[in-house]
Amino acid sequence: MKKIYALVLSTFFMGNIIAQSEWMVPEENIGMVTKITATWCNPCGTWGWEAMEGLIETHSEDHIVVSMYAPSSSKLYNEEAEKLADEIGYSGTPNFAGNGLDQGTAVASATAIVDTFISAPIVAVPAYAIEWVNADTIVIEVKTKFFENMDGSFVLDVFMVEDHVVEEQSGHDDDVPHHMVVRKG
């Protein structure tokens, strides 16, 4: 079974959102860079932290960049992050991947995968529009467009991502704002 993931990137805010009645799925490849991490992991909070900040700075305009706190002993753990991390496969933390291809600690390899993906043939693209948000609910519309004929079954899964989640992190003296944390879907 082939899977297509649409990550809904959102900073939670209050106010009215005007839904777009008609919107198009962009005809462009958008890659995904992931860091599988844990709050107790010292390398995640030192060189892995700096690597993630570099990935966000370099790739957040063109790609999705997320942190998955997959080990159940991590303070920011959730089952959705674990599910996605297990799909990628990993042997420790920090662990980096480009488009779901495990690269271990090789941050540059994850970067190369998504950079190359931009110019690859466009096959399928998921996209979303925020319909409305209130204090405890977000309603979104999700579309996927196939630009080539494909056979098989496809699963679209939506995950929420929250930036600047304040929590402790090994390798830092105080609580810090964690980057692009995958939350429950």
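The values are calculated or read from the model by the stated rules, or taken from the named source; none is laboratory data. What you see is a predicted model, and the numbers here were worked out from it, not measured in a lab. Cβ: placed from backbone, ideal geometry, glycine included. Neighbour counts: every protein chain shown. The accessibility values were calculated without ligands, DNA or RNA, using every heavy atom of the protein model including side chains. Shrake-Rupley method; radii C 1.70, N 1.55, O 1.52, S 1.80 Å.
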Seminar exercise, completed: HIS172 and SER119 label points (each 7 Å along its Cα→Cβ direction) are spaced in nm at 3.7
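In the chain, what is the count of Lys pairs whose alpha carbons are under 14 Å apart, counting only pairs at least 8 residues apart or on separate chains?
Details: LYS3/LYS83; LYS3/LYS145; LYS35/LYS83; LYS83/LYS184.
Close lysine pairs found across the chain: 4.
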Exercise. So who's got an amide H within less than 5 Å of the one on LYS75, skipping anything under 5 residues away but keeping other chains? H placed 1.01 Å off N, in plane.
Worked result: THR39, TRP40
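Can you give the accessible area per residue of the range 45-84, in Å², using a 1.4 Å probe?
Value returned for the range 45-84: 46 Å² of accessible area per residue.
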For this session: Would you mind computing, in nm to one decimal, how far apart the modelled labels at VAL155 and THR105 are, each placed 7 Å from Cα along Cα→Cβ?
Result: 3.2
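Can you compute the helix-only [θ] at 222 nm over the chain? Use -39500 (n - 2.57) per DSSP H run of at least 4 residues, normalise by all residues, nearest 500 deg cm²/dmol. Please list the in-between numbers first.
Working: 4 runs with 38 residues, N = 185.
After summing the helix terms and dividing by residue count, I get -6000 deg cm²/dmol.
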Exercise. Roughly what would the spin-label model give for ASP136 and HIS164, points 7 Å off Cα along C-beta, in nm?
Worked result: 2.5
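Could you give the semi-axes, largest first, of the ellipsoid that matches the chain, computed as the square roots of 5 times the alpha carbon gyration tensor eigenvalues and rounded to whole Å?
Working: eigenvalues 143, 90, 42 Å².
Each semi-axis is √(5λ); the values are 27, 21, 14 Å.
Quick one: with all protein chains in place, what share of the accessible area of the chain is carbon or sulfur, to the nearest percent (1.4 Å probe)? If you can, show how the numbers build up before the last one.
Details: 4920 of 9890 Å².
Whole-percent figure for carbon plus sulfur exposure: 50.
Just tell me the longest site-free run in the chain, where the sites are GluC sites (Glu not before Pro) in a DSSP loop having at most 12 other beta-carbon atoms within 10 Å.
Working: sites that count: GLU22, GLU27, GLU28, GLU61, GLU148.
Answer from the scan: 62-147.
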For this session: Return the single residue from ALA38, ALA81, ALA124 with maximal mean-square fluctuation; model: Gaussian network over the chain, springs between Cα atoms under 10 Å.
Result: ALA124
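If you count only protein heavy atoms with a 1.4 Å probe, what accessible area per residue comes out for the range 90-185, rounded to a whole Å²? Provide the component values of the computation, followed by the final result.
Numbers: 5200 Å² over 96 residues.
Per residue, the range 90-185 has 54 Å² of solvent-accessible surface.
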Problem set entry | Net dipole in debye of the range 77-124 [+1 Lys, Arg Cβ; -1 Asp, Glu Cβ; about Cα centre; nearest 20] | 200
Exercise. Full extension from ALA129 to ASP86: what is 0.36 nm times the residue separation minus their Cα-Cα distance, to one decimal in nm?
Worked result: 12.7 nm
Problem set entry | For the chain, built as a Gaussian network whose Cα springs stay under 10 Å, the top-fluctuating residue of ALA135, ALA127, ALA108 | ALA135
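Filter the chain for me: DSSP H helices, axial length by Cα at least 15 angstrom, mean Kyte-Doolittle hydropathy not below 1.0. List them by residue number.
Numbers: long enough: 47-59 (18 Å, -0.38); 107-117 (16 Å, 1.40).
Result, helices passing both filters: 107-117.
Quick one: if the Förster radius is 22 Å, what FRET efficiency do GLU79 and TRP40 give, using the C-beta to C-beta distance and rounding to 0.05? Display every interim value, and only then the final one.
Details: r = 18 Å, r/R0 = 0.83.
For GLU79 and TRP40, the calculated efficiency is 0.75.
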Exercise. Relative to the Cα centre, what is the charge dipole magnitude of the chain, using +1 at the beta carbon of each Lys and Arg, -1 at the beta carbon of each Asp and Glu, and rounding to the nearest 20 debye?
Worked result: 420
